[in-house]
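Participant: After the structure tokens below, expect a handful of questions from me.
The values are calculated or read from the model by the stated rules, or taken from the named source; none is laboratory data. Note that this is a predicted model, so its numbers are computed, not measured. With ideal geometry, Cβ positions are generated from the backbone for all residues, glycine too; neighbour counts draw on all protein chains shown. Just the protein is used for accessible areas: all its heavy atoms, side chains included, with ligands, DNA and RNA removed. Shrake-Rupley method; radii C 1.70, N 1.55, O 1.52, S 1.80 Å.
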Amino acid sequence: MNAVSRLISNKTLMGTLIIVFFWYVLHLAIQSNIVPGPLETFIAFFGLLHGVLLPHMGISLFRVVSAILLSTVIGVPLGLVMGFSKKTDAIVSPIAYILYPIPKVAFLPLFLVLFGLGNWSKIILIFSIIVFQILLAVRDGVKEIPEELYLSVKSLGLNKGLIYWNLVIPAVMPKTISAIRVSIGVSIATLFFSENYATSYGIGYFIMSSWVMADYVQMFAGILALSIMGILLFQAIDWMEKKLCPWM
């Protein structure tokens, strides 16, 4: 595990250095304060971290994590039921296929009216997008379990609860985690959009406020904070995958 952790850290460091290199090249090529250099951005980031950025990052993390947890709690059980019940699948799948492609950000004004100007409207907006990814991934994971495996566990005399625990859950877990991993990028993009309306906290609000004030160094410090937040979420998902899917 230590060797794997070091490998992941080395890959993360290498990727960071590559991004910083191209960032610096872009800064030199443009020769404008619109794209500040990495060094001054890092200095601004650490200078703003404790007094300014941490509250914004905390609120944004709370919104994203809450939406992911809510989507998982609702999407996984419903996906399991859809995978086993053709009737449920026939009812829910068409609804998912109709609603999933619709750009949910168009409903933000409605969510603001229904759920208020605080955190819930942002959480529900993110939830309305990513819950379908998790639900459909779990449903497909159940349907892909070979019939022979069901017959094998039934021959051992296992009841439905034990079949779920020993066969179904382990079989769909990798797909579920992959769906959650994909949903992180979608969640952060949706969060950034939602935090530009009716709020005074969040990384999206901080970035756009800095842009309006033409403080590009502070704006890039906010973008850096958003990137770090994404890295933390991805690392958390990778850790969860190692714990829940040790065979991967």
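Participant: Let me have the relative contact order for the chain, percent, based on Cα pairs under 8 Å that are six or more residues apart.
Facilitator: 27 percent
Participant: Could you tell me the center-to-center distance, by alpha carbons, between the range 95-173 and the range 188-240 in angstrom?
Facilitator: Going from one Cα centre to the other spans 27 Å.
Participant: Before I look further, what does the chain give for accessible area per residue, probe 1.4 Å, in whole square angstrom?
Facilitator: Computed with neighbouring chains in place, this is 56 Å² per residue.
Participant: Shifting gears a bit: Taking the Cα centre of the chain as origin, work out the dipole magnitude from +1 charges on Lys and Arg Cβ and -1 charges on Asp and Glu Cβ, in debye rounded to 20.
Facilitator: On the way: 15 positive and 10 negative charges, 119 e Å.
The calculation lands at about 560 debye.
Participant: Related question: Using the per-residue mean of other Cβ atoms lying within 10 Å as a proxy for protection, in what order, highest first, do the peptides 190-200, 97-107 fall?
Facilitator: 190-200, 97-107
Participant: Taking just the alpha-carbon atoms of the range 1-142, what radius of gyration and Dmax come out, in angstrom?
Facilitator: Both quantities, over Cα of the range 1-142: 21.3, 62 Å.
Participant: Please report the carbon-and-sulfur percent of the accessible area for the range 47-157; probe 1.4 Å, protein heavy atoms only, DNA, RNA and ligands left out.
Facilitator: Values: 4410 of 5820 Å².
Carbon and sulfur: 76 percent of the exposed surface of the range 47-157.
Participant: Can you list the chymotrypsin sites (Phe, Trp or Tyr not before Pro) in the range 20-93 that are in a DSSP coil and have 13 or fewer other beta carbons within 10 angstrom?
Facilitator: Values: sites: 21, 22, 23, 24, 42, 45, 46, 62, 84; in loops: none.
Counting only loop positions with at most 13 other Cβ atoms within 10 Å, none of the chymotrypsin sites (Phe, Trp or Tyr not before Pro) in the range 20-93 qualifies.
Participant: Which of 200, 217, 178 sits farthest toward the positive end of the charge dipole of the range 148-246, with +1 on the Cβ of Lys and Arg and -1 on the Cβ of Asp and Glu?
Facilitator: Sorting the options by dipole projection puts first 178.
Participant: Suppose R0 equals 41 Å. What FRET efficiency, 1/(1 + (r/R0)^6) with r the Cβ-Cβ distance, do residue 165 and residue 22 give to the nearest 0.05? Don't skip to the end; give the middle numbers.
Facilitator: Working: r = 47 Å, r/R0 = 1.16.
The computed FRET efficiency comes out at 0.30.
Participant: Just check the range 184-236 against the gyration tensor rule for me: Cα atoms, a ≥ b ≥ c as the square roots of the eigenvalues, rounded for a/c under 1.5, and otherwise prolate or oblate depending on whether a/b exceeds b/c.
Facilitator: Details: a/c = 2.75, a/b = 1.42, b/c = 1.93.
It comes out oblate by the Cα gyration axes.
Participant: Moving on to the next point. Scanning the chain for helices, which whole DSSP H stretches are 18 Å or more long along the axis (Cα) and average -1.0 or more by Kyte-Doolittle?
Facilitator: On the way: long enough: 2-30 (42 Å, 1.26); 54-84 (44 Å, 1.71); 86-99 (19 Å, 0.67); 119-143 (36 Å, 1.31); 169-194 (35 Å, 1.35); 216-244 (42 Å, 1.11).
What comes out of the filter, once short or polar helices are dropped, is 2-30, 54-84, 86-99, 119-143, 169-194, 216-244.
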